[in-house]
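All of the numbers you see were taken from the coordinates with simple rules; none came from a lab. Fair warning: this is a prediction, and the values are worked out from it, not measured in the lab. Here the Cβ positions follow ideal geometry from the backbone for every residue, glycine too, while neighbour counts run over all protein chains shown.
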2 protein chains.
Amino acid sequence: MTKKKVTSMDVAKLAGVSQSTVSRVFGSGANVSEKKRNQILAAADRLGYQPNAIARGLITNKTKMIGIVMRNIQNPFYPEVLEKFYTKLAEKGYHLIFMNSEHNLVEEDEISHLIEYHVDGVIITDALLSSSAVKRFLKNDIAVILFNRYIENSNYSAVFCDNYFAGQEIANYLVRTGHKHFAFISGPLETSTTMDRKKGFEESLAKHGFFDVAVEIGNYSYESGYAAAKTLLQSKKQIDSIFCGNDITALGAIDAAKSLGLRVPNDLSVIGFDDISMASWPSYSLTTWKQPVDAMVNSTVELLMNEMNEEEKKASIHALPGELIIRDSVKDRL
Amino acid sequence: MTKKKVTSMDVAKLAGVSQSTVSRVFGSGANVSEKKRNQILAAADRLGYQPNAIARGLITNKTKMIGIVMRNIQNPFYPEVLEKFYTKLAEKGYHLIFMNSEHNLVEEDEISHLIEYHVDGVIITDALLSSSAVKRFLKNDIAVILFNRYIENSNYSAVFCDNYFAGQEIANYLVRTGHKHFAFISGPLETSTTMDRKKGFEESLAKHGFFDVAVEIGNYSYESGYAAAKTLLQSKKQIDSIFCGNDITALGAIDAAKSLGLRVPNDLSVIGFDDISMASWPSYSLTTWKQPVDAMVNSTVELLMNEMNEEEKKASIHALPGELIIRDSVKDRL
DNA sequence: ATTATTTTTGAATACGTATGCAAAAAAGAA
DNA sequence: TTCTTTTTTGCATACGTATTCAAAAATAAT
């Protein structure tokens, strides 16, 4: 039960070689004779040697760690995202430092931590960066990708679902199925995500001659969807369809409608966004817009890898389409 | 736009002191005169200095990183757990390396990564360790706490909900409300969690003279709950109540019952486990056993802190009670 | 004032690895 | 064989910090 940590020096001594050679076996994989390599591996195995990633990080200036700062992790969409990022990055040899942010702007001291730990890159989901934060990352040579948000004309790459397009398509679909009285339950208005969905939705409706969209502002939670739908449905307005900013909100809206004695989709059509697994549950069978999570994750990782290697980090914006998943929460009213 | 990283040496130079003194200001907080401290802080601020946690980790042999390996992150119970661990540990100055495991036993190479990065401690949720893994952590002086699982007579501390007690209480409750025909939808049988719940449930029922419990084996997913309930309800057996291994499973079971034209709770009582947020949604209004997540997380972190500081890591097992949350999925049949 | 005590400081070193460089060994060419 | 070329190896050093030790400065005691 040796308490002392075993280092490359110990391995070197046991194998009768220099520390450099041990390093070459476990690191760069540079030329090492087959004989010595075997001696070294045997010695390492016997001693239970594991390279010290911290020491390696210090000398190489690459930690192989990626910071991932998330928000709204309670929204089932994000655990899925987290899992996919983990899998994708693990297979490339990267590790995840997880942070949970509660604010629309990632806080300065959260950024400090990422810088202190010299992460090679950062993925930010569902949140933005102040311009001072931008500078700090840049100065410390840390690549950053925004996921599901973007900043126009910034130096930051971003990957997200094409929300504007999706909003349009959803409007088209509702019109095509004979709806006439529309409502939208949004997320917080300061997010590009929600604004783009709203814009696409409203503009497309306007093109069809519908200018009156009832809007309620929520916060992407079940409770806010429930409350917003109740408000909408209890108002004097006539409403035959609600487009919800995300699925959780939509589920809340459906339950609110039910609680008022309305039947979905017969009395009210509801459409969501994300396509979380619960959307397919029979109780809800929610028609929704599927975010192309796999493509988004892959794209994000790819961008990250590029930016970590390149000198000049030229920002690029990737808007991926997604698709409408038709289930049973929208009725054809024609 | 300086590309070179700024180090404590740079700060020292600018402030006209030695590197040691800078280190003392940002590190131990040892005696430093007020005057020099201010000079140093000013210089650091001007240069945008951030201590390098990697270098610090190398010399102190404390990385202030905790590995958290999770499973079933798609089960809404776990994002909540993750968030709470993050918050609790962040306020103590620790960072989280997130790993997603897919197996009942954490894999050897996942452990290797944690050792390479010299995490100070590890939290493992919903999974176990092989005995060789145990040795490796021990040898590398890494504290480990199991969360929601335990190994009998091991050197590992564990924190979990007292599942045996909960199973008993749930049985008592169902008996008290006049049920006579019981079923249990379990998780995988190799988990202590599910077995303890089952044992408590069955033993308590037996005490009341009920020896026949229909059991279906699931995997803690919605789909498995749906399928298991369907099997149970379509069998010739008469069943008036189902205890489900967790909430997600219970929701699946409820939907299965509905799909067969049964009404919950009138025709069938369903009871869950966890008390995830969805359990309180009006569509389900699930009676369930609330795991004391806050207490469990606090207890885990406390244990971890102790074990990281003590020489002799004596294992301790903490079973926390939890409580029955009564909603509307169980009917009083008396 | 002088001495004793405490506080503050800097020089030197260590942590465990990767890597440039030159020497040594091996392989190939003649 | 002898000379070139290539491959393999070890030495020495660097990464950025914390910390021991002894010297210096400041403070207290006499």
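Could you check how many percent of all C-alpha pairs in segment B:19-89 are farther apart than 17 Å?
Summing the P(r) of segment B:19-89 above 17 Å gives 61 percent of all pairs.
Report, for segment A:176-334, the % of DSSP beta bridges that are antiparallel, rounded to 5.
In segment A:176-334, DSSP labels about 15 percent of beta bridges as antiparallel.
Would you mind checking B:K64/B:K135; A:K92/A:K199; A:K290/B:K236 for any pair whose Cα atoms are more than 31 angstrom apart?
A:K92/A:K199; A:K290/B:K236
In nm, what does the list of distances from A:N219 to its counterparts in the other copies look like, shortest first, when each label sits 7 Å along Cα to Cβ?
3.6
Rg and Dmax of segment A:173-218, using alpha carbons, in Å: what are they?
10.7, 31
Would you kindly calculate the mean projected area, averaged across all directions, of the convex hull enclosing the Cα atoms of the protein assembly as shown, in square nanometres?
34.6
Over the Cα atoms of segment A:52-172, how large are the radius of gyration and the largest Cα-Cα distance (Dmax), in Å?
In Å, with Rg to one decimal and Dmax whole: 15.4, 57.
To the nearest 0.05, how large is the calculated FRET efficiency for B:E107 and A:L138 if R₀ is 41 Å and r is the Cβ-Cβ distance?
After rounding to 0.05, the efficiency reads 0.65.
Restricting to bridges with both residues inside the protein assembly as shown, how much of the DSSP beta-bridge set is antiparallel, in percent to the nearest 5?
Here the share of antiparallel DSSP bridges comes out near 10 percent.
Any idea what the B:R333 label distances to the other copies are, label 7 Å down the Cα→Cβ vector, nm, shortest first?
4.4
Placing unit charges on C-beta atoms (Lys and Arg positive, Asp and Glu negative, everything else neutral), compute the dipole magnitude of segment B:200-277 about its Cα centre in debye, rounded to 20.
My answer is approximately 340 debye.
Based on the inverse mean of 1/r over its pairs of different Cα atoms, what is the Kirkwood hydrodynamic radius of segment A:197-252, in Å?
Hydrodynamic radius (Kirkwood, Cα pairs) of segment A:197-252 is 11.8 Å.
Can you list the distances in nanometres, one decimal and ascending, from the B:S112 label point to the identical position in each other copy, with the point 7 Å along Cα to Cβ?
In ascending order, 3.7 nm.
Using r as the Cβ-Cβ distance of A:F211 and A:K62, and R0 as 56 Å, what FRET efficiency do you calculate, to the nearest 0.05?
After rounding, the FRET efficiency stands at 0.50.
If each residue's Cβ is checked for other Cβ atoms within 10 Å, how do B:E107, A:E108, B:E83 rank with the fewest at the top?
A:E108, B:E107, B:E83
Just name one of B:H95, A:S192, B:L232: the one whose Cα is farthest towards the positive end of the charge dipole of the protein assembly as shown (beta-carbon charges, Lys/Arg +1, Asp/Glu -1).
Sorting the options by dipole projection puts first B:H95.
Quote the Stokes-Einstein diffusion coefficient, in whole µm² s⁻¹, for segment B:155-238, based on the Kirkwood radius over alpha carbon pairs, a temperature of 37 °C and a viscosity of 0.692 mPa s.
242
With only alpha-carbon atoms in the gyration tensor, what are the semi-axes of the equivalent ellipsoid for chain A, in Å, largest first?
Taking √(5λ) for each eigenvalue gives 51, 20, 16 Å, largest first.
Taking the axis that carries chain A onto chain B, what is the nearest Cβ in chain A, and at how many Å, to the whole number?
Residue of A nearest the axis onto B, distance in Å: A:F98, 2.
Enumerate by residue number the GluC sites (Glu not before Pro) in segment A:259-334 meeting two conditions: DSSP loop (anything except H, G, I, E, B), and at most 10 other Cβ atoms within 10 Å of the site's Cβ.
Sites meeting the loop and neighbour criteria: A:E310, A:E311, A:E312.
Of the options B:G261, A:G48, B:L334, report the single residue whose Cα projects farthest towards the positive end of the charge dipole of the protein assembly as shown (beta-carbon charges: Lys, Arg +1; Asp, Glu -1).
Projecting each Cα onto the dipole axis, the largest value belongs to A:G48.
Among the aspartates and glutamates, which fall within straight-line cross-link reach of B:K314, defined as a Cα-Cα distance under 20 Å, with same-chain neighbours fewer than 8 residues apart omitted?
Within reach: B:D120, B:D141, B:E152, B:E302.
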